[in-house]
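Here's the structure, in structure tokens; my notes come after.
The values are calculated or read from the model by the stated rules, or taken from the named source; none is laboratory data. Model, not experiment: these values are computed from the prediction. Cβ coordinates were reconstructed from backbone atoms using ideal geometry, including for glycine residues, and neighbour counts include every protein chain displayed. Accessible surface areas use protein heavy atoms only, side chains included; no ligands, DNA or RNA. Shrake-Rupley method; radii C 1.70, N 1.55, O 1.52, S 1.80 Å.
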Amino acid sequence: MKNKIISIVIPVYNEEENVLTTYNEIKNVLNEHNSYDHEIIFTDNCSQDKTFSLLKQISAEDKCVKVIRFSKNIGYQKSILHGTINTSGDAVVHIDGDIQDPPILIKNFISHWEKGYQVVYGVRITRKENLFINSLRSLFYKFINLISDEPIPIDAGDF
């Protein structure tokens, strides 16, 4: 019987300082769940630094890593969409390439998925941004909840 596949989608843009750490931390978490196969898909929004060359090096050394590079910066949400479209997994986890959301939480998401949940998301308790940005974000979530059929908790990220 074939193992189920966990797909990790990571949109990046100018993340040369974080990409190796991101890869290593995610790989460590996935290796602990050896009952699953996995793939890691980086979507590069046409980074202007060494991000893409580092990703090519990682994917040459690890067959579980795929890299999609866009010819221009298509934006965060479209980057996630294209990464998700190109997965082959039974479950997909989205995580940012800047390690603001700890990859160790992937274990919790998988655990909830194993219990039958179809959608699992994280809610941030604290943020590193300033009061102005946090206030704008709060207004955004309130607006989205006014027009949405499904409520989204404030600070529920794409993770």
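Looking at Ser88, Ser35, just one residue is in contact (Cβ under 8 Å) with a residue 60 or more places away in the chain and either open to solvent by 10 Å² or more (accessible area, probe 1.4 Å) or part of a loop (DSSP other than H, G, I, E, B) (or both), and that residue is Ser88.
Would you say Gly83 is at pLDDT 80 or above, in a loop (DSSP other than H, G, I, E, B) and touching a strand residue (DSSP E or B) at 6+ places or on another chain (Cβ under 6 Å)? Quick ask: steps written out before the conclusion?
On the way: at pLDDT 80 or above: yes; in a loop (DSSP other than H, G, I, E, B): no; touching a strand residue (DSSP E or B) at 6+ places or on another chain (Cβ under 6 Å): yes.
Criteria not met by Gly83.
Taken over segment 1-32, residues that are over 25 Å from Lys50 (Cα atoms) and part of a strand (DSSP E or B) amount to 2.
Taken residue by residue, segment 54-74 has no member that is loosely packed, with under 15 Cβ neighbours inside 10 Å, assigned to a helix (DSSP H, G or I), among the β-branched types (Val, Ile, Thr) and modelled with pLDDT of 95 or more.
Only one entry of Gln48, Gln77 meets the criterion of being surrounded by fewer than 15 Cβ atoms within 10 Å (Cβ to Cβ), assigned to a loop (DSSP other than H, G, I, E, B) and out of contact with any Cys (no Cβ under 7 Å at 6 or more places or on another chain), and that entry is Gln48. Of all the residues in segment 77-106, those that are over 17 Å from Cys64 (Cα atoms), more than 12 Å from the chain's Cα centre (by Cα) and of a type in the set (Gly, Ala, Ser) number 0. Does any residue of segment 5-18 turn out to be open to solvent by 50 Å² or more (accessible area, probe 1.4 Å) and over 14 Å from Gly97 (Cβ atoms)? Within segment 5-18, not a single residue is open to solvent by 50 Å² or more (accessible area, probe 1.4 Å) and over 14 Å from Gly97 (Cβ atoms). For segment 111-129, the count of residues that are more than 20 Å from Val29 (Cβ to Cβ), open to solvent by 40 Å² or more (accessible area, probe 1.4 Å) and of a type in the set (Lys, Arg) is at least one.
Tell me, please, whether a residue that is within 16 Å of Asp101 (Cβ to Cβ) and in contact with a strand residue (DSSP E or B) (Cβ under 7 Å, 6 or more places away or on another chain) can be found in segment 44-67. No; the residues of segment 44-67 include none that is within 16 Å of Asp101 (Cβ to Cβ) and in contact with a strand residue (DSSP E or B) (Cβ under 7 Å, 6 or more places away or on another chain).
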